[in-house]
């Protein structure tokens, strides 16, 4: 049959009950139909091709953007390159509106320094931040941003002396949040705590927006604001060896880390150049957040931040630490988690009821769908102990029968098991026999 069609068998796969056959392309359709109709084969199909789970844009300088490889952006792009409905506010120096990688990526913005709609960037910092987030990609020009399809809203707060007032930053945060912007990037900071900044960050948070702010570049642990504000995501910088960048601030107020050295991005005048600082680790983290929202725009602010934390690459000490926070952002992990979150999270505990004697133990199991996050076990004020693996141990003594509720929680969703504790056994004295009447002792 193979010879009849001019086919050659190139590989035997006996364990798969298959052979790989090669024949001229112009004869292939007729050969497939004939072989299927012969009744001699269980299946006849083309040897199709799969593609690596990564998308490589044709931008000429993409190969020099090491940070995109480090955060697994190409793998994330195989799922989403970003949605135009997800805007990122860049609160900075403005933007080069004529730059080829940015011109088609801009939403109307505002200049809070001179109270106008002119957002032209005379400094270059804002242009580089905007390009790091959302430079157009696969357009045979310059560089690629973290989120290709995302749109940038430039909001100018930095004056010609490179200073930004807290009041302007706060007003810009409110401006973005009022226009349903979900991701806000601030690559600037000050050393003084501020109620107006905290109020602005809370205002955005309550509207579903997350503020990403630079940890700043003093190689110190003192907090900077708005990064250290409650609900803000403070981003430190890493180098290409996954070490904390020498200039990066650190401390127990850091939330996440992202690459921040030799970041190739857009420059005023249409070109590209390398940039250093937490000013550029922050927009990388913000871009990853925008990718996650592109997959699941229904994520709340808290759910979005949890996804970034739980799906980062842990660096330094295991778990949270003051240099990298919860870890370096990973775009592919975050996007995959956002996809999974589209399925409602359910939790079930087995067994859901049991009876134990004092001192006995019971291993509880949580079955989770729709989320791969860690399971947290709790007892509240109930007696006994429960481990982080779900092993409940009853107290050594129980004076009265009681009920204990063990709770498993994942991503804010909980399920419980009811454990009845039986009373400790007690030694009872025998009841004395009645004394004979008139008997004296």
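Residue 130 versus (1) assigned to a loop (DSSP other than H, G, I, E, B); (2) out of contact with any helix residue (DSSP H, G or I) (no Cβ under 6 Å at 6 or more places or on another chain): which is the lone unmet condition?
If we test residue 130 against (1) assigned to a loop (DSSP other than H, G, I, E, B); (2) out of contact with any helix residue (DSSP H, G or I) (no Cβ under 6 Å at 6 or more places or on another chain), just (1) comes out false.
Which numbered condition in (1) outside any loop (DSSP other than H, G, I, E, B); (2) crowded, with 24+ Cβ neighbours inside 10 Å; (3) under 22 Å from the mean Cα position of the chain (by Cα) is the only one that residue 205 fails?
Status for residue 205: all satisfied but (2).
Here is a yes/no grid of residues against (1) at pLDDT below 95; (2) closer than 30 Å to residue 55 by Cα; (3) assigned to a strand (DSSP E or B):
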| site | (1), (2), (3) |
| --- | --- |
| 147 | no, yes, no |
| 153 | no, yes, yes |
| 161 | yes, no, no |
| 168 | no, no, no |
| 172 | no, no, no |
| 181 | no, yes, no |
| 188 | no, no, no |
| 199 | no, no, no |
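Among the candidates 365, 381, 387, 422, single out the residue that is out of contact with any helix residue (DSSP H, G or I) (no Cβ under 6 Å at 6 or more places or on another chain) and at pLDDT below 90. Please lay out each step first, then the result.
On the way: 365 fails: at pLDDT below 90; 387 fails: at pLDDT below 90; 422 fails: at pLDDT below 90.
Only one candidate passes the filter, namely 381.
Under the condition of being within 16 Å of residue 289 (Cα to Cα) and in contact with a strand residue (DSSP E or B) (Cβ under 7 Å, 6 or more places away or on another chain), which residue from segment 208-222 is surrounded by the most Cβ atoms within 10 Å (Cβ to Cβ)?
The first filter runs over segment 208-222 and keeps only residues within 16 Å of residue 289 (Cα to Cα), leaving 208-214.
With in contact with a strand residue (DSSP E or B) (Cβ under 7 Å, 6 or more places away or on another chain) added as a condition, the list becomes 209-214.
Working: 209: 24, 210: 25, 211: 30, 212: 32, 213: 30, 214: 29.
Ranking the candidates gives 212 first.
Tell me yes or no: at least one residue of segment 224-242 is under 28 Å from residue 135 (Cβ atoms), free of Cβ contacts under 8 Å to residues at least 12 places away in the same chain and surrounded by fewer than 17 Cβ atoms within 10 Å (Cβ to Cβ).
Checked against the condition, which is being under 28 Å from residue 135 (Cβ atoms), free of Cβ contacts under 8 Å to residues at least 12 places away in the same chain and surrounded by fewer than 17 Cβ atoms within 10 Å (Cβ to Cβ), segment 224-242 yields at least one hit.
Of the conditions (1) touching a helix residue (DSSP H, G or I) at 6+ places or on another chain (Cβ under 9 Å); (2) surrounded by fewer than 24 Cβ atoms within 10 Å (Cβ to Cβ); (3) over 28 Å from residue 267 (Cα atoms), residue 136 fails just one. Which one is it?
Failing condition for residue 136: (3).
Would you mind listing the helices (runs of 4 or more DSSP H) fully within segment 265-357 where at least 3 residues are touching a residue at least 40 places away in the same chain (Cβ under 8 Å), buried (at least 24 other Cβ atoms within 10 Å of the Cβ) and in contact with a strand residue (DSSP E or B) (Cβ under 9 Å, 6 or more places away or on another chain)? Step through it out loud before you land on a result.
Details: elements: 278-295, 301-310, 331-340.
It comes to 278-295.
The values are calculated or read from the model by the stated rules, or taken from the named source; none is laboratory data. None of the values given here were measured: they were computed from a predicted structure. Neighbour counts run over all protein chains shown; Cβ positions are idealised from the backbone, glycine included.
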